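Visitor: Encoded as structure tokens, here's the structure I'll be asking about.
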Amino acid sequence: MSREWVAIGTVLVLIGSNFFGLLYSILVLKTDLFKPFRIQTKAYQKAIFKKRMPLFLFNFAILISVAGFGSYLIYDSIDTTFIPIWMIGMQVLFAFIIDDFWFYFFHRWLHENKFMLKHIHSIHHRATTPFPLEYLYAHPLEWMLGMLGVVIAFALILVVMPINIYALWLFGMLRNLHEIHIHSDLELPFFSKIPFLSKTKHHDDHHARLTGNYASTFSWMDKLFKTTFKK
Ligand SMILES: [Zn+2]
Ligand SMILES: [Zn+2]
């Protein structure tokens, strides 16, 4: 696989998962299909999708530029062959754990530092009743710093072995889909049964109350540091 295809593949994975997020958002906002599964009962703001669009597009452009150019630049450190599926799984799991570790402390700091909360993180918290694509709705500085966890995770993998391209793509896709889902305000039967992964309710409570539940992919960091939101 050439350097160009690594970059194109990375961009396509992100376009694909965000396209899913777009369709999911349209179904949530414009139809009653998922209404029985909603966590909050509050109605969505009028024309909310249109209001969110400029920042969605800006952050999406940052995402595909950083990921596309990033994978192009680190091509020499990427293994593009098929390796045993368990090794791909280990890289993906490791990346999720490190990324979540970074996100927990970064996100908690965004709340504990009053300047950051007021001027940066408050933008993401305009969504009190989130819909899927609002995972993209954050101050661009927060958006970019949030991605640092991914960089740290794959840099650490690189210390031990080359980054596998399929692990990178699978991680990118699953991370986006999970982020999209935890902003859906929906507790769907199947997704609520996946062990270890944090449920929508975990992050939805964070948006509704503005306190506790700082982790994203898993919820164990909140349990470990006693920051789980209590009613
Ligand atoms: Zn927050
Ligand atoms: Zn959020």
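Conditions tested, residue by residue: (1) free of Cβ contacts under 8 Å to residues at least 60 places away in the same chain; (2) in contact with a Phe, Trp or Tyr (Cβ under 7 Å, 6 or more places away or on another chain); (3) under 15 Å from S216 (Cα atoms); (4) among the hydroxyl-bearing types (S, T, Y).
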position: F101; (1), (2), (3), (4): no, no, yes, no
position: H107; (1), (2), (3), (4): no, yes, yes, no
position: F115; (1), (2), (3), (4): yes, no, no, no
position: A127; (1), (2), (3), (4): no, yes, no, no
position: L136; (1), (2), (3), (4): no, yes, yes, no
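Visitor: If I go through the stretch 124-148 residue by residue, how many of them are within 12 Å of ligand 1 (Cβ to nearest atom), of a type in the set (A, V, I, L, M, F, W, C) and over 18 Å from L63 (Cα atoms)?
Guide: 1
Visitor: Among the residues of the stretch 138-150, count how many are in a helix (DSSP H, G or I) and free of Cβ contacts under 8 Å to residues at least 60 places away in the same chain.
Guide: Initial filter on the stretch 138-150 (in a helix (DSSP H, G or I)): 140-146, 148-150.
So of that shortlist, the ones also free of Cβ contacts under 8 Å to residues at least 60 places away in the same chain come out as 141-142, 145-146, 148-150.
Final tally of qualifying residues: 7.
Visitor: Of all residues in the stretch 89-123 being of a type in the set (S, T, N, Q) and either in a loop (DSSP other than H, G, I, E, B) or within 16 Å of ligand 1 (Cβ to nearest atom) (or both), which is nearest to the chain's Cα centre (by Cα)?
Guide: The residue in question is S122.
Per-residue answers, yes or no, for (1) out of contact with any Gly (no Cβ under 9 Å at 6 or more places or on another chain); (2) open to solvent by 70 Å² or more (accessible area, probe 1.4 Å); (3) at pLDDT 95 or above:
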position	(1), (2), (3)
G70	yes, no, no
Y75	yes, no, no
D79	yes, no, no
Q91	yes, no, yes
F94	yes, yes, yes
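Visitor: Could you run through the stretch 1-10 and say how many residues are touching a helix residue (DSSP H, G or I) at 6+ places or on another chain (Cβ under 6 Å) and surrounded by fewer than 18 Cβ atoms within 10 Å (Cβ to Cβ)?
Guide: Filtering the stretch 1-10 down to residues touching a helix residue (DSSP H, G or I) at 6+ places or on another chain (Cβ under 6 Å) leaves 3, 6-7, 10.
If we keep only those that are surrounded by fewer than 18 Cβ atoms within 10 Å (Cβ to Cβ) as well, we get 3.
Number satisfying all stated conditions: 1.
Visitor: When the stretch 66-88 is examined, which residues are found to be within 25 Å of S216 (Cβ to Cβ) and outside any helix (DSSP H, G or I)?
Guide: I74
Visitor: Now for a separate question. Taking D100 as meeting all but one of (1) away from ligand 2 (no atom under 16 Å from the Cβ); (2) over 20 Å from R209 (Cβ atoms), write down the number of the exception.
Guide: Among (1) away from ligand 2 (no atom under 16 Å from the Cβ); (2) over 20 Å from R209 (Cβ atoms), D100 violates only (1).
Conditions tested, residue by residue: (1) in contact with a Leu (Cβ under 9 Å, 6 or more places away or on another chain); (2) of a type in the set (D, E).
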residue: L136; (1), (2): yes, no
residue: G172; (1), (2): yes, no
residue: N176; (1), (2): yes, no
residue: I180; (1), (2): yes, no
residue: S184; (1), (2): no, no
residue: S192; (1), (2): no, no
residue: D205; (1), (2): no, yes
residue: T228; (1), (2): no, no
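Visitor: Also: Suppose we filter the stretch 198-215 for residues that are outside any helix (DSSP H, G or I) and at pLDDT 90 or above; how many remain?
Guide: So the answer is 3.
Visitor: Given the condition under 12 Å from the mean Cα position of the chain (by Cα) and away from ligand 1 (no atom under 15 Å from the Cβ), answer yes or no: does some residue in the stretch 154-168 qualify?
Guide: No: zero hits.
Visitor: Right, next: From the set of residues in the stretch 164-178 that are buried (at least 22 other Cβ atoms within 10 Å of the Cβ) and aliphatic (A, V, I, L, M), which is nearest to P195 (Cα to Cα)?
Guide: Once the filter is applied, the top-ranked residue is A167.
Visitor: If you take the residues in the stretch 181-197 that are under 17 Å from F96 (Cα atoms) and open to solvent by 10 Å² or more (accessible area, probe 1.4 Å), which one is modelled with the highest pLDDT?
Guide: Taking the candidates together, the pick is H181.
Visitor: Further question: Counting only residues that are among the small types (G, A, S) and in contact with a helix residue (DSSP H, G or I) (Cβ under 8 Å, 6 or more places away or on another chain), which one in the stretch 193-217 is farthest from Y104 (Cα to Cα)?
Guide: Step by step, filter the stretch 193-217, then rank; the result is S198.
The values are calculated or read from the model by the stated rules, or taken from the named source; none is laboratory data. Source: prediction; values computed, not measured. Heads up, the Cβs are rebuilt from the backbone with ideal geometry, glycines too, and the neighbour counts pull from every protein chain shown. Note: areas computed on protein heavy atoms with side chains; ligands, DNA, RNA excluded. Shrake-Rupley method; radii C 1.70, N 1.55, O 1.52, S 1.80 Å.
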